[in-house]
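We did not get these values from a lab; they are worked out from the coordinates using the rules stated. This structure is a prediction, so every number in the text was calculated from the model and none was measured. Positions of Cβ are backbone-derived with ideal geometry, glycine not excepted, and every protein chain shown enters the neighbour counts.
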Amino acid sequence: MKPTTGSKITAETVRADFNDPQAVVHYTRAAHFLGLWKSERVLIERFFPDRNASLLEAGCGSGRVTIGLWDLGFRRLTAFDFAEELVAQAQALAAARDAKAIRFLHADATALPERQLIVDIPPTRFGGALFMFNGLMQIPGRENRRAALRNLQSLCRDGAPFLFTTHDRDHSPVERASWRLEKLRWDSGKQDPRLVEFGDRYFEDEAGRTFMHLPDRTEILVDLAATGWRHEHDVLRRELGRESPAVRDFSDECRFWVARRT
Ligand SMILES: C[S@@+](CC[C@H](N)C(=O)[O-])C[C@H]1O[C@@H](n2cnc3c(N)ncnc32)[C@H](O)[C@@H]1O
């Protein structure tokens, strides 16, 4: 379902955009040929030292990070996404890479089916969670993003690390200037009427149509504290070194966040 002019972006809009063939090809190509970014590998190695931990990956898409985790030696992986076309691609890739032990599910982070996700008897909560490449920020509405944070928190055990990324409205002078302009638009009611909140963007590029909420740092710190996560670390990608041209082509600057389940 494509959004009609002026109608607010909903989860259904975002899901349809990710199920669109253009997006499916884009993310599947990245899963097959790009793999983990250097920065992702550095942080996974640092904050997820236990290869035996059972990990939960939200918004796995076509499996780019999931297969990367498998290749790093993680064997207890559960990955889910609410775009069924992407999950099907991730399953096909896992089968081709001999990684059939990865458990893939079709699920929405804002309404997680706990019983389906935790299958162990007695139930053991996940030892870590990830929501990579800004997936959390593609959930429209702050309350919905908080619901996803709460759901992941309740599925993890105490002390479990949670790694995710967001954009950062303040990461450069150009970005700051563009948000000052956007603020004037919102103050005079001239923003794109499809947007839900200040900080939202809805644009079209080689990945197809993309909804993205761009937070400032304070917003994320407040939301982590409100949903049972203790902030541990955050860093801009460029501070972790230079990515390859292919990775920079695929993705913009972002901020990595690491939190611990309280
Ligand atoms: C930018 S893509 C990243 C995909 C993959 N992790 C990667 O890095 O290539 C973000 C992913 O988050 C998923 N996503 C967004 N909102 C979601 C939700 N509420 N529940 C589950 N998945 C969601 C999208 O379907 C999409 O696959």
**OP:** Could you tell me which residue of region 181-210 is farthest from L86 (Cα to Cα), considering only residues that are touching an Asp or Glu at 6+ places or on another chain (Cβ under 9 Å) and of a type in the set (S, T, Y)?
**Re:** Y202
Original post:
Has region 3-10 got at least one residue that is more than 9 Å from the ligand (Cβ to nearest atom), surrounded by fewer than 23 Cβ atoms within 10 Å (Cβ to Cβ), of a type in the set (A, V, I, L, M, F, W, C) and in contact (Cβ under 8 Å) with a residue 24 or more places away in the chain?
Top reply: yes
Subject >> Conditions (1) surrounded by 18 or more Cβ atoms within 10 Å (Cβ to Cβ); (2) among the aliphatic types (A, V, I, L, M); (3) farther than 23 Å from A259 by Cα: number failed by I220 >> reply: (3)
Original post:
V24: part of a helix (DSSP H, G or I), over 28 Å from G159 (Cβ atoms), in contact with a strand residue (DSSP E or B) (Cβ under 8 Å, 6 or more places away or on another chain) and within 11 Å of the ligand (Cβ to nearest atom), yes or no?
Top reply: no
Original post:
Among helices (runs of 4 or more DSSP H) lying entirely in region 42-137, which contain 2 or more residues that are near the ligand (Cβ under 10 Å from one of its atoms), more than 21 Å from A30 (Cβ to Cβ) and free of Cβ contacts under 8 Å to residues at least 60 places away in the same chain?
Top reply: none
Subject >> Candidate set from region 18-38 (those that are touching a Ser or Thr at 6+ places or on another chain (Cβ under 9 Å) and among the small types (G, A, S)); member that is surrounded by the most Cβ atoms within 10 Å (Cβ to Cβ) >> reply: A31
**OP:** Need at least 1 residues that are more than 15 Å from the chain's Cα centre (by Cα) and under 22 Å from C156 (Cβ atoms) per element, so show me which strands (runs of 3 or more DSSP E) inside region 200-262 make the cut, counting only ones lying wholly within it.
**Re:** 229-236, 255-261
Subject >> Some residue of region 22-29 being under 16 Å from the mean Cα position of the chain (by Cα) and hydroxyl-bearing (S, T, Y) >> reply: yes
